[in-house]
Amino acid sequence: MKIKVNVPTSLSEITLGQYKKYLKIQTGKIDERILQAKMIEVFCDAPLDYVMELKYSDTEEICSTLDEMFKEKPNLVQKFKLGQHEYGFHPNLEELSLGEYIDLDTYIGDWDNMERAMNVLYRPITLKVKDKYQIDKYNVELKEDVLQMPMDAVLGSIFFLWNLGIELSQTMMKYLEGEKELDLMQFLTSELNGGGIPAYMHSLKETLDDLNISPN
């Protein structure tokens, strides 16, 4: 009997929910070969008993493909479709409310609750004019849809915030060289830094370390 599985070819075909499910499996004590089978089960959406019928050489090839995919460093995904809605990345991070900032800062480095951070960054688009758009008002109540968002958007937004933090830190140093009388905390809370985004950098580094990838 010929057995076929649908192997994702890009991170856009893998959901945040799938990745979280795999992380939980990965953190447990499990035989490497069983882990490979679980990896295929989760990311290829195939029943485990079906996966066990695959040729060993095929499972090696599938897992190698999936491993390579997670080494990608996707760019920021501005928009993506999810069900009947189009979601957009927050168009102006300087306009984050205190509640949004706290939730993003709290959950951006926590894979158990990463969907809560994504709920701040990505929301349904309510109005679109050419390249400009508005997103829905922030709602702390999570929708299950968020777990179905693509992983290229998740990782792309993490890289974006990390790199933004690095750029802002460099800007801060240049600014302070010319404005030595400016207090550091005053700078960090000024509009120059986009609402204090460098405060995310420690959490983002931990997140990237968990993925065993470098932002550079």
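The values are calculated or read from the model by the stated rules, or taken from the named source; none is laboratory data. Keep in mind that this is a model prediction, so the values were computed, not measured. Ideal geometry is used to build each Cβ from the backbone, glycine not excepted, and the neighbour counts take in all protein chains shown.
Here is how the numbers come out for the structure above:
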{"read-out": "Residue check for K73: of a type in the set (K, R) and modelled with pLDDT under 90", "value": "yes"}
{"read-out": "Residue count, segment 104-136 (criterion: over 15 Å from L147 (Cα atoms), among the charged types (D, E, K, R) and free of Cβ contacts under 8 Å to residues at least 60 places away in the same chain)", "value": "5"}
{"read-out": "Check on G28, at pLDDT below 90 and under 24 Å from the mean Cα position of the chain (by Cα)", "value": "yes"}
{"read-out": "Members of segment 21-55 that are of a type in the set (K, R) and either without any contact (Cβ under 8 Å) to a residue 12 or more places away in the chain or surrounded by fewer than 13 Cβ atoms within 10 Å (Cβ to Cβ) (or both)", "value": "K24, K29, R33, K55"}
{"read-out": "Residue list for segment 64-77, restricted to those being within 12 Å of M39 (Cα to Cα) and crowded, with 18+ Cβ neighbours inside 10 Å", "value": "L66"}
